Amino acid sequence: MPELPEVETVRRGLDVRLVGRTILAVDVGRDRTVRRTSAAAVIDGLTGATILDTRRRGKYLLLGLDTGDDVMIHLRMSGRVLLHPMGEPRPPHTHVAARLSGEPAEELRFVDPRTFGEVVVFDPANVAVEIPDLARLGVDPITDGMSRATLARIVRGRARALKALLLDQHVIAGIGNIYCDEILHAARLRPDRISNTLTPREITRLHAEIHRVLVEAIELGGSTLADTQYVDVDGNGGQFQLNHRVYDRAGQRCITCGRSDVVRIPWAGRSTHFCPRCQR
Ligand SMILES: [Zn+2]
């Protein structure tokens, strides 16, 4: 599932090519993608609107419109946001397509084989009612520039396993399974370590590694795995998967210490990967 670095890569790709352009026409191919409102609401909300800016909170991509509305796009498992030349045939599973003004003649396409993703046009003044999960998001490490003091308050105020805490979107927004495992490895902390037992030095390390791992991943265009659909707006994969140290490396020698194998344990229906020698 795309996480903060992948959604941020998509946002940056859109920002340079979308801002200032007007949406001329919209097709909605599948109601499930617009389930939060309706096809008519998305078509009416987008048609004729000019895109003013692009933003991101956690894994939510937002486009500001000159109508006062915002567009929320959530990729979930397999969503892709692509910018294609007008003449190019739409790929299978294109559920929303928006023709753009200006040159080159392009179409913004939301493609989503598994259809968990969403496109919503909403009034930001009513976000708590229209998209409560967006309104309840916690601090975004990149957008909000989460300080060490903020992280210290978060970890000291709770007695939760670090893995669960970092994955809780209502506490810190944008980190999913891949980056959680990579951040905890880089910070040398076990995923089942209880948050309020961290020393000040460990909090400093965790804070630094959250920022370092996410920033590096954004610079490399995110992670594209064999089993995921993630690509940027031009259809290119990311490169950060080449830097993964523990994620999906169970049974292989830890490349940090070279003296223990990476372990995988089940975690809330998914997996967590760590090195029992490096992480305490
Ligand atoms: Zn190790």
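If a residue must be open to solvent by less than 40 Å² (accessible area, probe 1.4 Å), in a strand (DSSP E or B) and in contact with a helix residue (DSSP H, G or I) (Cβ under 9 Å, 6 or more places away or on another chain), how many such residues does segment 47-62 contain?
Of the residues in that region, 6 qualify.
Scanning segment 73-92 for residues that are touching a Pro at 6+ places or on another chain (Cβ under 7 Å), of a type outside the set (Ser, Thr, Tyr) and touching a residue at least 40 places away in the same chain (Cβ under 8 Å) yields a count of 1. Considered as a group, the residues in segment 239-275 that are touching a residue at least 60 places away in the same chain (Cβ under 8 Å) and within 9 Å of the ligand (Cβ to nearest atom) include one that is nearest to Asp192 (Cα to Cα), and that residue is Phe274.
Summed over segment 197-249, residues that are out of contact with any His (no Cβ under 7 Å at 6 or more places or on another chain), more than 24 Å from Thr150 (Cα to Cα) and of a type in the set (Lys, Arg) total 0.
Of the residues in segment 213-229, none is assigned to a loop (DSSP other than H, G, I, E, B), within 15 Å of the ligand (Cβ to nearest atom) and touching a residue at least 24 places away in the same chain (Cβ under 8 Å). Filtered by the rule that a residue be in contact with a helix residue (DSSP H, G or I) (Cβ under 9 Å, 6 or more places away or on another chain) and assigned to a loop (DSSP other than H, G, I, E, B), segment 240-254 gives His244, Arg245, Val246, Tyr247, Asp248, Cys254. Considering segment 63-163, the qualifying helices (runs of 4 or more DSSP H), each wholly inside and each with 3 or more residues that are open to solvent by 70 Å² or more (accessible area, probe 1.4 Å), run over 148-156.
The values are calculated or read from the model by the stated rules, or taken from the named source; none is laboratory data. What you see is a predicted model, and the numbers here were worked out from it, not measured in a lab. Because the Cβ atoms are built from the backbone with ideal geometry, glycine has one as well, and the counts that use them run over all protein chains shown. These area figures cover heavy atoms from the full protein model, side chains too; ligands, DNA and RNA do not enter into them. Shrake-Rupley method; radii C 1.70, N 1.55, O 1.52, S 1.80 Å.
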